[in-house]
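Below: one structure, written as structure tokens.
The values are calculated or read from the model by the stated rules, or taken from the named source; none is laboratory data. Since we're looking at a predicted model, the values are computed, not measured. Cβ placement follows ideal geometry from the backbone for every residue including glycine, while neighbour counts extend to all protein chains displayed. These accessible areas exclude ligands, DNA and RNA; they are computed on the full protein's heavy atoms, side chains included. Shrake-Rupley method; radii C 1.70, N 1.55, O 1.52, S 1.80 Å.
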Amino acid sequence: MSYEEFLDYVKEHLKNYLPIVHQVDSTEIQVVPVTKNNNTNQYAVVIKFGNVNGALPMLYLDTYYQQYKESQNIDFIMHSIAAKYMYSLEQVPEFDFKQLMDYEAVKDYIIVALVNTESNREQLKTIPHQDIGGLSAIYKIDITHSHFGPDMDGYDATVTIKSEMLEKFEITEEELHQVALQNSQRIYPPMLKGLKAIVQDPEKDDRIYVLTNTQIWQGAAVILYPGVMEHVQSCLGDVYIIPSSVHELLLVPKSEFSIEDADTLREILCEVNQIAVEPQEVLGTEIYTYNSELKQLQVIEPKQTQIKNKPRSL
Amino acid sequence: MKPTEKEKQRTMRRLELYLKKIQEVLGKKEEGK
């Protein structure tokens, strides 16, 4: 069964796996595309139950399709989807989506994330963001950390802040940026650690470092935190910055790598992006350095012809 | 948010691959010295 056939199957048959009370004409199964980071689409199922109003969960189907391909047991997968959806539905009433427009209700849970500017050009037209050298800071409400959110660890329980929401909040983009930085530092403290230590390599001579947060989730954004790059420089000196994914950055000291090596690092970045990074988790294809005087990220151009200055300081 | 188990596995695979590939570069540099 292809992915498209799987989506059709879910749409046509999921109702049969719901509790008997919901197996009625008024229950409507929808399979909808959802645009994610880097303009990638994922498909999710939404079930409308008759006249019931209010928020409905969206359950992404990609993982279930992977499970189907591994098990070939469509009946089991359909039961799993139905059970998970009904469980998620029980969680949702605790969350009032109207509060997303209430700045006082969400202001402590606004966080910052880092995405690739070019790959998200269309979405960024309607999203407040700040460009920091081919990468853009965007802002999300982290529902899992809010007092009104359900316990949804492991789910994509964030809502990206759009321009219309910012208007309702009645704050400026700069105020949004600052409050997101404050919250992110509190909720997701930065972490600088040797790569070997993270992957539990027995050798201890770390010469490659990982800059992320303590969850290793959306951790590339820690580079925006005040003082982080100064701390990196005090520990490691000048570094090349590899945007390995939206979850973390890799740092290699310039004392270990020459400027010519930046081309090799870029080749490695592009290769690993292709074979080991999900499209929605790719952060970029450029190698950066940090100019401490200008407090700016700078792209190392291929063949070392020049270092390109970028507009916004960190 | 916390990463799912699958996301954690992907992260470890990605980082292990980077470690292997960058160490190869370092190894070649040391051989060339």
Proximal aspartates and glutamates to A:K196, defined as alpha-carbon separation beneath 17 angstrom and excluding residues fewer than eight positions away on the same chain
A:D205, A:D206, A:E248, A:E256, B:E16, B:E24
Radius of gyration, Dmax [region A:201-314; alpha carbons; angstrom]
13.7, 42
Sum of -39500 (n - 2.57) over DSSP H runs of 4+, divided by residues of chain A (222 nm, nearest 500)
-9000 deg cm²/dmol
Cβ under 13 Å from A:P190's Cβ, A:P190 left aside: what net charge do those residues give with Lys, Arg +1 and Asp, Glu -1?
0
Residue with peak Gaussian network fluctuation, chain A [Cα springs, cutoff 10 Å], from A:K107, A:K11, A:K69:
A:K69
A:S258 accessible area, assembled protein chains, probe 1.4 Å, Å²:
40 Å²
Semi-axes of the equivalent ellipsoid of region A:213-268: what are they in whole Å, largest first, if each equals the square root of 5 times a C-alpha gyration tensor eigenvalue?
20, 15, 7
Only Lys, Arg, Asp and Glu count, each charged at its Cβ (+1, +1, -1, -1), so figure out the dipole size of the protein assembly as shown about its Cα centre, rounded to 20 debye.
460 debye
Could you work out the Rg to Rh ratio of chain A, with Rh taken as the Kirkwood radius (inverse of the mean 1/r over all Cα pairs)?
1.01
Could you count how many Lys pairs in region A:1-132 have their Cα atoms under 20 Å apart, skipping same-chain pairs fewer than 8 positions apart?
10
Past 25 Å, Cα to Cα: identify those pairs from B:K6/B:K29; A:K295/B:K21; A:K193/B:K8; A:K295/B:K29, in the order given.
B:K6/B:K29; A:K295/B:K21; A:K295/B:K29
Given a 1.4 Å probe and heavy atoms of the protein chains only, how would you sort A:K295, A:K84, B:K21, largest accessible area at the top?
A:K295, A:K84, B:K21
Can you bin region A:1-132 into rounded, prolate or oblate? Criterion: square roots of the alpha carbon gyration tensor eigenvalues sorted a ≥ b ≥ c, rounded for a/c under 1.5, prolate for a/b above b/c, oblate for the rest.
oblate
With each label point set 7 Å from Cα along the Cα-Cβ vector, what nm distance links A:N41 and A:Q274?
2.5 nm
So, in Å, what gap is there between the alpha-carbon centers of region A:82-144 and region A:167-213?
17 Å
Which of the trypsin sites (Lys or Arg not before Pro) across region A:189-245 are loop residues per DSSP, with 16 or fewer other Cβ within 10 Å?
A:K204, A:R207
Could you work out the relative contact order of chain A, using alpha carbon pairs under 8 angstrom and six or more residues apart, expressed as a whole percent?
13 percent
Return the Cα extents of region A:97-251 along principal axes one, two and three, sorted largest first, each rounded to a whole Å.
52, 34, 26
